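Asks: What follows is a single structure, and I will ask about it in a moment.
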Amino acid sequence: EPIITFNKVNKWYGNNYHVLRDIDLTVTKGERIVVCGPSGSGKSTLIRCINRLEEHQQGNLTVDGVELTDDVKAIDDVRKKVGMVFQQFNLFPHLTVLENLTLSPMWVGKMPKKDAEEKAMEQLKRVRIAEQANKYPLQLSGGQQQRVAIARALCLKPKIMLFDEPTSALDPEMIKEVLDVMVEMASHGITMICVTHEMGFAKAVADRVIFMDQGQIVEQNTPTEFFNNP
Ligand code: ADP
Ligand code: ADP
């Protein structure tokens, strides 16, 4: 059953930079996809279109039954269903770890503080960072900060999780702790799309590896095929 469908999607930056070219892609519910390819090939733009951080200009893009258009309601709907994790964590430095979750704009005012804290602690436990709940992000390691960012995204119980180079800013010894959390998430059947050069995730859980070049999807493989055909 498809959850994301790109149908001849095209996007330009400015008038002439053609960043996505005729993208056709169907993602099935629960599928885990790794997107790789050279820097500048459009990987980040591709996933940012899924939660409308970027807009496509041609073609159709449907996410969990909602076609992405300029309709504000459609955008709100989609942002609730799609969590995103960035290379640079994007945590608020002046808020504690717990507050980074409970003061998320999607949550504020939607439930009593105590309930928000309870749900937030649940997610912090899931990424094994609950003991750090009252610290500030900069008191944590990069790997711990990224796990907080993952917990924050999970608070909204998204159906889809997008990752944009989630381990690229991390020291090698911290990559594994973030990958372990992602592998654990994968075991719960959430749809995941991860832009990464880190093949550990691809090897562990990906169903499909997509290779992009110059705004096009030029190859798609199972990880086994991908790693056997260098
Ligand atoms: P990748 O994730 O594969 O590195 P991106 O999707 O980030 O590729 O970017 C593709 C190309 O589009 C790059 O050359 C980048 O500089 C350019 N680009 C990205 N964002 C913008 C933007 N907001 N405005 C103009 N050009 C952009
Ligand atoms: P990364 O590959 O780490 O995403 P990029 O340089 O592609 O780094 O993009 C960093 C940010 O700057 C992104 O939000 C992207 O949309 C924006 N950006 C990238 N290139 C341009 C550009 N030429 N003009 C405007 N914004 C850009």
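The values are calculated or read from the model by the stated rules, or taken from the named source; none is laboratory data. Fair warning: this is a prediction, and the values are worked out from it, not measured in the lab. Methodologically, a virtual Cβ is constructed for each residue, glycine included, from the backbone with ideal geometry; neighbour enumeration extends over all protein chains shown. Ligands, DNA and RNA are excluded from the accessible area calculation, which covers all protein heavy atoms including side chains. Shrake-Rupley method; radii C 1.70, N 1.55, O 1.52, S 1.80 Å.
Asks: How about the range 179-198: which of its residues are without any contact (Cβ under 8 Å) to a residue 40 or more places away in the chain and either touching a strand residue (DSSP E or B) at 6+ places or on another chain (Cβ under 9 Å) or of a type in the set (Asp, Glu) (or both)?
Replies: Residues satisfying the conditions are 180, 182, 185, 198.
Asks: Sticking with this structure for a sec: Which of the residues spanning the range 1-24 are part of a strand (DSSP E or B), surrounded by fewer than 20 Cβ atoms within 10 Å (Cβ to Cβ) and not acidic (Asp, Glu)?
Replies: Selection gives 2, 3, 5, 7, 8, 10, 12, 13, 17, 18, 21.
Asks: Name the single residue that is nearest to ligand 1 (Cβ to nearest atom) among those in the range 6-25 being touching a residue at least 60 places away in the same chain (Cβ under 8 Å) and under 18 Å from residue 219 (Cα atoms).
Replies: The extreme case among them is 19.
Asks: If you go through the range 50-93, how many residues are farther than 29 Å from residue 204 by Cα, buried (at least 20 other Cβ atoms within 10 Å of the Cβ) and more than 13 Å from ligand 1 (Cβ to nearest atom)?
Replies: Residues flagged as farther than 29 Å from residue 204 by Cα, buried (at least 20 other Cβ atoms within 10 Å of the Cβ) and more than 13 Å from ligand 1 (Cβ to nearest atom) within the range 50-93 amount to 1.
Asks: Taking the options 200, 215, 143, name whichever one is open to solvent by less than 60 Å² (accessible area, probe 1.4 Å), within 16 Å of ligand 2 (Cβ to nearest atom) and either under 19 Å from residue 36 (Cα atoms) or out of contact with any Cys (no Cβ under 9 Å at 6 or more places or on another chain) (or both).
Replies: On inspection, the qualifying residue turns out to be 215.
Asks: Starting from residues that are in a loop (DSSP other than H, G, I, E, B) and either basic (Lys, Arg) or crowded, with 19+ Cβ neighbours inside 10 Å (or both), keep the ones in the range 32-49 and report whichever is farthest from ligand 1 (Cβ to nearest atom). Steps first, please.
Replies: Step one: filter the range 32-49 for residues in a loop (DSSP other than H, G, I, E, B), giving 37-42.
With the extra rule that they be either basic (Lys, Arg) or crowded, with 19+ Cβ neighbours inside 10 Å (or both), the set shrinks to 37, 41-42.
On the way: 37: 6, 41: 4, 42: 4 Å.
Here the residue is 37.
Asks: For the range 168-194, which residues satisfy the criterion of being farther than 17 Å from residue 83 by Cβ, open to solvent by less than 50 Å² (accessible area, probe 1.4 Å) and within 16 Å of ligand 2 (Cβ to nearest atom)?
Replies: If the condition is that a residue be farther than 17 Å from residue 83 by Cβ, open to solvent by less than 50 Å² (accessible area, probe 1.4 Å) and within 16 Å of ligand 2 (Cβ to nearest atom), then 169, 170 are the ones that fit.
Asks: Name every residue in the range 94-108 that is open to solvent by 80 Å² or more (accessible area, probe 1.4 Å), at pLDDT below 95 and of a type outside the set (Val, Ile, Thr), in order of residue number.
Replies: Once the filter is applied, which keeps residues that are open to solvent by 80 Å² or more (accessible area, probe 1.4 Å), at pLDDT below 95 and of a type outside the set (Val, Ile, Thr), the range 94-108 yields 103, 105.
Asks: Still on this structure, please answer the following. In this structure, does residue 153 turn out to be open to solvent by less than 50 Å² (accessible area, probe 1.4 Å), in a helix (DSSP H, G or I), at pLDDT 95 or above and not polar (S, T, N, Q)? Before you say what the answer is, go through the steps one by one.
Replies: Numbers: open to solvent by less than 50 Å² (accessible area, probe 1.4 Å): yes; in a helix (DSSP H, G or I): yes; at pLDDT 95 or above: no; not polar (S, T, N, Q): yes.
Considered against the rule, which asks whether it is open to solvent by less than 50 Å² (accessible area, probe 1.4 Å), in a helix (DSSP H, G or I), at pLDDT 95 or above and not polar (S, T, N, Q), residue 153 comes out as no.
Asks: Continuing with this model, one more query. Test of understanding: among 28, 45, which residue is touching an Asp or Glu at 6+ places or on another chain (Cβ under 6 Å) and either within 24 Å of residue 223 (Cα to Cα) or away from ligand 2 (no atom under 16 Å from the Cβ) (or both)? Walk me through how you get there before you give the answer.
Replies: Details: 28 fails: touching an Asp or Glu at 6+ places or on another chain (Cβ under 6 Å).
Being touching an Asp or Glu at 6+ places or on another chain (Cβ under 6 Å) and either within 24 Å of residue 223 (Cα to Cα) or away from ligand 2 (no atom under 16 Å from the Cβ) (or both) holds for just one of 28, 45, which is 45.
Asks: Under 8 Å between Cβ atoms, at least 6 apart or on separate chains: pull out the pairs that start in the range 78-101 with a residue that is closer than 22 Å to residue 197 by Cα and end on any residue that is open to solvent by 30 Å² or more (accessible area, probe 1.4 Å) and among the small types (Gly, Ala, Ser).
Replies: Close Cβ pairs (under 8 Å, with a partner that is open to solvent by 30 Å² or more (accessible area, probe 1.4 Å) and among the small types (Gly, Ala, Ser)) amount to 87/168; 87/169; 88/169; 89/169.
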